[in-house]
Amino acid sequence: MVALLSIVSMIAVAPIEGVVLDPSGRPVQGAAVGNTFVISSNAPKAQIGYGEAPLVTDINGRFTLDSSVLYNKTLVAVKENLAGLVEVGSSTRRVTLRLKPLQKVSLDIVNQDRLPTKDPSVSVTFNENVIGYLSGQWGLSRIQVPASKLGVTVIAAGSRMASGNIQNGKLRLPVLAAEWAKLIGRKAPSITPTDTTPGFKVSSLKGKWIVLDFWATWCGPCIQKMPEWFELYETMKIKRDKFEIIAFHSPDGASYAATESSVGAIVKRNWAGTKPPFPLFFDKTGKTQRAFGIEAYPTTLLISPDGKVVGTVTPKEMLSRLERL
């Protein structure tokens, strides 16, 4: 029995061997392989997903994957403006990923509440597995992904999450205003953390511009974008008496101590050893997140010195605002 169990165990963790080929069928050296990919903003250039440590193909276009690290049933390979994917079954031991050029996808997002909709964040699904996050208007080629299996989910600034299917390279989505968008111009709800970075006083926020970044350690886009706030915080340190950045974790982050190991791993793996220079907030009750109408991560809101919700904000927009102070 022990021997049989050992054999079953060995089969369960057997590696997957794969090869990545270009559109002409030649091996691709240096292609990145993982479960998700990212399309950079305003350009058809792909990279393997937020914070992952991708496999890289050798000179023969080959790679070996420990199947135990797979968190969905799809493998994606990318190199610059080429991408390919393959479904992985429980008994799969060899895979071939054929790269195809990315194609443009036209997004038409209509907000039925007539609030401004901008900066769509798009995730691509294949057979209900998330395979890609897009910033801009690019997607996988229809040639390599059957249209009936390809779907998208859009989170746009000021709008609730909406989902649909791409048809002939186009997507039209009617959306409703996000709950937080209805707070714009109104007094911000109370910020009530149950725990914070040791030594930080919530009272010090009074009268400052507050960047309230709702994030989570499990959120890939959050991890990818956070260093931009690090840079802003250091660049504008001469004006820190006028603003503060708060990284407010999702309710599953119970306390600073509870997430310290997770944050530490991200610091080492994704943030080049840089620790968050601004305070981390936690509210395990979820009261603050509900009060602000947070429905997706990351959501980054700006609160004015007089306590009103201005709307979402990017590091570039905040830098411009601070430079004028």
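The values are calculated or read from the model by the stated rules, or taken from the named source; none is laboratory data. Note that the structure is predicted; figures quoted are calculated from it, not measured. Neighbour counts run over all protein chains shown; Cβ positions are idealised from the backbone, glycine included.
Descriptive notes on the structure:
- Yes/no for Phe248 being more than 25 Å from Gly185 (Cα to Cα), outside the structural domain of Val124 (by TED's automatic domain parsing) and modelled with pLDDT of 95 or more: no
- Any hit, segment 278-288, residues being within 17 Å of Ile303 (Cα to Cα) and in contact with a Leu (Cβ under 6 Å, 6 or more places away or on another chain): no
- Residue within segment 254-265 that is more than 13 Å from Thr299 (Cα to Cα) and in contact with a helix residue (DSSP H, G or I) (Cβ under 8 Å, 6 or more places away or on another chain) present: no
- Elements of type helices (runs of 4 or more DSSP H) in segment 236-325, at least 2 residues being over 18 Å from the mean Cα position of the chain (by Cα) and under 22 Å from Ser159 (Cα atoms): 287-291, 315-323
- Positions within segment 32-52 being closer than 20 Å to Lys73 by Cβ and either modelled with pLDDT under 70 or assigned to a loop (DSSP other than H, G, I, E, B) (or both), in sequence order: Asn35, Thr36, Gly49, Tyr50, Glu52
- Whenever a residue of segment 266-285 is under 18 Å from Phe200 (Cα atoms), its partners that are charged (D, E, K, R) and surrounded by fewer than 20 Cβ atoms within 10 Å (Cβ to Cβ), lying with C-beta atoms within less than 7 angstrom and at least six residues away or across chains, give the pairs Pro277/Glu234; Phe278/Glu244; Phe282/Asp195.
- Selection of segment 159-195 for residues being small (Gly, Ala, Ser) and either modelled with pLDDT under 75 or not in a loop (DSSP other than H, G, I, E, B) (or both) yields Ser159, Ala162, Ser163, Gly164, Gly169, Ala177, Ala181.
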